[in-house]
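Please read the structure below before turning to the comments.
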Amino acid sequence: MPSRPEELHPALAAAYNAGDLDGMLALYDPRAAFVVKPGHVTDGPSELREALRRLVGIRGHLAVHPDSFVRSDDVILALGGYTLSGRRRDGTPFEVGSRFADILRRQPDGRWLLAVDNGFNSPWPA
């Protein structure tokens, strides 16, 4: 579990790339919000699980590149970019990317977890 904010995104990418849904879910705050697409945010743990299950089902490769961490007490705004690559069902390759703005929250036990995961800021690279 990430004890430093800088460890969270690499742990998330590693869990995704391993196809580890439960490992990904363990990196989210119990009340986390996940932006599925602009204008649609998960509402509760079951919707978060379903959104991440669909994402893991793509079986792509995720690379996350945090640029900055702005801290205010037990909350951090993390900004950066990511790319997701893989193959479509017909076998053709794809690669998508965007900028992200995530909110990380320190837990009572010192771990940092994702409280808001918003991967839809602008095309990456900017």
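The values are calculated or read from the model by the stated rules, or taken from the named source; none is laboratory data. What you see is a predicted model, and the numbers here were worked out from it, not measured in a lab. Cβ: placed from backbone, ideal geometry, glycine included. Neighbour counts: every protein chain shown.
Suppose we filter D117, D20 for residues that are free of Cβ contacts under 8 Å to residues at least 60 places away in the same chain and either of a type outside the set (K, R) or in contact with a helix residue (DSSP H, G or I) (Cβ under 8 Å, 6 or more places away or on another chain) (or both); which single one remains?
On inspection, the qualifying residue turns out to be D20.
Out of the range 22-53, which residues are farther than 20 Å from F100 by Cβ and among the aliphatic types (A, V, I, L, M)?
Of everything in the range 22-53, nothing turns out to be farther than 20 Å from F100 by Cβ and among the aliphatic types (A, V, I, L, M).
Out of the residues in the range 78-106 that are β-branched (V, I, T) and touching a residue at least 24 places away in the same chain (Cβ under 8 Å), state the one that is nearest to H40 (Cα to Cα).
I103
Could you say which residue among P38, P2 is of a type outside the set (A, V, I, L, M, F, W, C), modelled with pLDDT under 95, crowded, with 16+ Cβ neighbours inside 10 Å and more than 12 Å from the chain's Cα centre (by Cα)?
Every option except P2 fails the conditions.
Residues that are among the small types (G, A, S): list the strands (runs of 3 or more DSSP E) wholly contained in the range 18-126 that include at least 2 such residues.
The strands (runs of 3 or more DSSP E) meeting that bar are 28-37, 61-72, 75-87, 93-106.
Let's see how each residue does on (1) of a type in the set (G, A, S); (2) touching a helix residue (DSSP H, G or I) at 6+ places or on another chain (Cβ under 7 Å):
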{"position": "V36", "(1), (2)": "no, yes"}
{"position": "G39", "(1), (2)": "yes, no"}
{"position": "L55", "(1), (2)": "no, no"}
{"position": "I58", "(1), (2)": "no, no"}
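Just need a number here: residues in the range 1-60 that are closer than 23 Å to D73 by Cα and acidic (D, E).
3
Out of all the residues in the range 29-40, is one or more within 18 Å of M1 (Cα to Cα) and among the aliphatic types (A, V, I, L, M)?
Yes.
Identify all residues within the range 70-111 that are surrounded by 18 or more Cβ atoms within 10 Å (Cβ to Cβ) and among the aromatic types (F, W, Y); write none if there are none.
Y82, F100
Out of (1) closer than 16 Å to F100 by Cβ; (2) at pLDDT below 95, the odd one out for V70 is which?
(2)
Mind listing whichever residues of the range 85-119 are under 23 Å from G39 (Cα atoms) and over 11 Å from the mean Cα position of the chain (by Cα)?
Correct list: E95, V96, G97, S98, R99, R105.
Do we have V75 as out of contact with any Pro (no Cβ under 7 Å at 6 or more places or on another chain), hydrophobic (A, V, I, L, M, F, W, C) and in contact (Cβ under 8 Å) with a residue 24 or more places away in the chain here?
yes
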